[in-house]
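Since the structure comes first, as structure tokens, the remarks are kept for the end.
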Amino acid sequence: MNNSQIVFLIGFMGCGKTTLGRKLASRLGYPFFDLDHLLEEQAGMSVTEYFSSFGETAFRLAEAEILKQTAYGETAVVSTGGGLPCHFDNMDWMNAHGKTIYIQLSPKTLASRLEHGKEHRPLLRDKHGDELVTFIAEKLAERESFYQLAQIIADGISLTAERVEEILKG
Ligand code: S3P
């Protein structure tokens, strides 16, 4: 029997990948990896600083490299940056190496969650109110077809780690 299981949590900024991922990892007894944090550790700077020093193109290359070079071991829960599934062959790579779960939420719900966490997010930090909702709706529309390639699509409203664990068990 093959006991390896790498779970990749994907979805837009603010959908809860990191919080849920950490809880899920502790329920399953798996190590937890947050790819943005790994990038920050390796680069010695925040994602915001990375964007302003090197630009988005360099960031996309760096996050893809971290996705593919990290030694996850046999079991892991991995939280990915919101744009990662939409670049290069990252989505195919995750589907080939583990189980992908898309945490789906509407632009309105995401905007209300992001109004507070947006300072750390270079793509959002200068947007407010309706402008923030419109930006999220447009970006999400561009990204949705990539997210839809996930093996599991979960409604992010009131989603708990316990529920994700049940879904994984089938
Ligand atoms: C990004 C999402 C962020 C981070 C970067 C770019 C995006 O991760 O990777 O700011 O393009 O959606 P979170 O989804 O964890 O906020």
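Numbers at a glance
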item: Which listed residue is within 14 Å of the ligand (Cβ to nearest atom), more than 16 Å from K17 (Cα to Cα), of a type outside the set (F, W, Y) and touching a residue at least 24 places away in the same chain (Cβ under 8 Å), from L105, L110, L114, L123; result: L123
item: Test result for I66, more than 12 Å from the chain's Cα centre (by Cα), at pLDDT 95 or above, assigned to a helix (DSSP H, G or I) and more than 10 Å from the ligand (Cβ to nearest atom); result: yes
item: Near pairs, Cβ below 6 angstrom, 6+ apart or cross-chain, from region 36-61 (farther than 19 Å from M13 by Cα) to any residue that is at pLDDT 95 or above; result: A43/Y50
item: Residue satisfying all of: in region 115-148; modelled with pLDDT under 95 and of a type in the set (G, A, S); farthest from N90 (Cα to Cα) among these; result: G129
item: Index of the failed condition, E144 passing every other in (1) in a helix (DSSP H, G or I); (2) in contact (Cβ under 8 Å) with a residue 40 or more places away in the chain; (3) within 15 Å of the chain's Cα centre (by Cα); result: (2)
item: Pick from region 115-133, criterion in a loop (DSSP other than H, G, I, E, B) and of a type in the set (A, V, I, L, M), ranking: surrounded by the fewest Cβ atoms within 10 Å (Cβ to Cβ); result: L123
item: Flag for I103 being of a type in the set (A, V, I, L, M, F, W, C), closer than 25 Å to I153 by Cβ and outside any helix (DSSP H, G or I); result: yes
item: Matching residues, region 1-26, being at pLDDT 95 or above and hydroxyl-bearing (S, T, Y); result: T18, T19, S26
item: In region 9-50, the residues that are over 23 Å from Y147 (Cβ atoms), part of a loop (DSSP other than H, G, I, E, B) and within 12 Å of the ligand (Cβ to nearest atom); result: S46
item: Residue match in region 23-32 (condition: basic (K, R), within 14 Å of the chain's Cα centre (by Cα) and over 23 Å from R125 (Cβ atoms)); result: no
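The values are calculated or read from the model by the stated rules, or taken from the named source; none is laboratory data. Note that the structure is a prediction, hence the values are computed from the model and not measured. Methodologically, a virtual Cβ is constructed for each residue, glycine included, from the backbone with ideal geometry; neighbour enumeration extends over all protein chains shown.
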